[in-house]
Amino acid sequence: MTERNGRILCCSDIHGHLSALRDVLFQAAWRPAQDVLVLLGDYIDRGPRPRQVINELRVLLRCPGVVALRGNHETMLWDYLQGTVSEAQYLSNGGGTTLRDYREEPDALQADAEFLNGLPLYYELGDYIFVHAGLRPGIRLEEQSECDMMWIRDEFIRGYRGRTVVFGHSPTPLLSGSTEVYWGRDKIGIDTGVAYGGCLSLLELPGGETYQAPPDDC
């Protein structure tokens, strides 16, 4: 990534809510030539426009200041297509909206799933580590398992100490009872539950300003 002289903007768990993503970027007056934009995964499933979010993600990634990480839902889609996750398991995790978006174009689904499965699992910038779900306490970053980085919850929330981790995956209404960004010790949770009737949040660092948008209409 080229040198940036702007803000760090981060967002997670978009889950097919394209209009909400565009809304928070507009509110923040995102500057592609200056700001770093970090997206923490879970672009698909549950919400109404997963395929359109993937298309938007491909466009955003043309900017050198954009980083897109992989979440557990991207991996579940890939595993489902490889036959290692059952259809029932994938559908129970909200995969029906994604499969409906591609029902006439299975080859496009395969191509997009391969693209998503190739995204990195974490990103380091300054004082921050960005990852979809979190990190297992007591293990060096380069030795963390893929499973933990995409799925971990309680052990990370309760026990992690170290550099500040910005994470999604665990909706903040479950962490704090609020759709506001979660500020914990050495960790910042930014999944404010748009997939469950909450909102989508874009956090600005280091200042802490938050931009929020409601879920898309179905």
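Report the rotationally averaged projected area of segment 1-104 based on its alpha-carbon convex hull, in square nanometres.
6.8 nm²
Starting from 0.36 nm per residue, how many nanometres of slack lie between Q34 and R185 once their C-alpha separation is accounted for?
51.5 nm
Please report the relative contact order for segment 8-213, taking Cα pairs under 8 Å with a sequence separation of at least 6, and give it as a percent rounded to a whole number.
24 percent
What spacing in nm lies between the two simple spin-label points modelled at L141 and S178, each 7 Å away from Cα in the Cβ direction?
2.8 nm
Just how far, in whole angstrom, is segment 29-90 from segment 181-218 if you go by their alpha carbon centroids?
Each part reduced to its Cα centre gives a spacing of 16 Å.
If each residue's Cβ is checked for other Cβ atoms within 10 Å, how do T84, T164, T192 rank with the fewest at the top?
Going from sparsest to densest Cβ surroundings: T84, T164, T192.
What translational diffusion coefficient, in µm²/s and rounded to a whole number, does the Stokes-Einstein relation yield for segment 8-213 at 10 °C and a viscosity of 1.306 mPa s, taking the hydrodynamic radius as the Kirkwood radius over Cα pairs?
94 µm²/s
Nearest 0.05, what FRET efficiency do E124 and D217 give at R0 = 35 Å with Cβ-Cβ as r?
The value I calculate is 0.40.
Rounded to the nearest 0.05, what FRET efficiency do S86 and E114 have when you use their Cβ-Cβ distance and R0 = 25 Å?
Efficiency computed from Cβ-Cβ geometry: 0.80.
A195: net charge of surrounding residues, Cβ under 14 Å, Lys/Arg +1, Asp/Glu -1, itself excluded?
Cβ neighbours under 14 Å give a net charge of -3.
No lab work stands behind these numbers, since they all come straight from the coordinates. Computed from a predicted structure; not experimentally measured. Every residue, glycine as well, gets a Cβ built from its backbone with ideal geometry; the counts of neighbours run over all protein chains shown.
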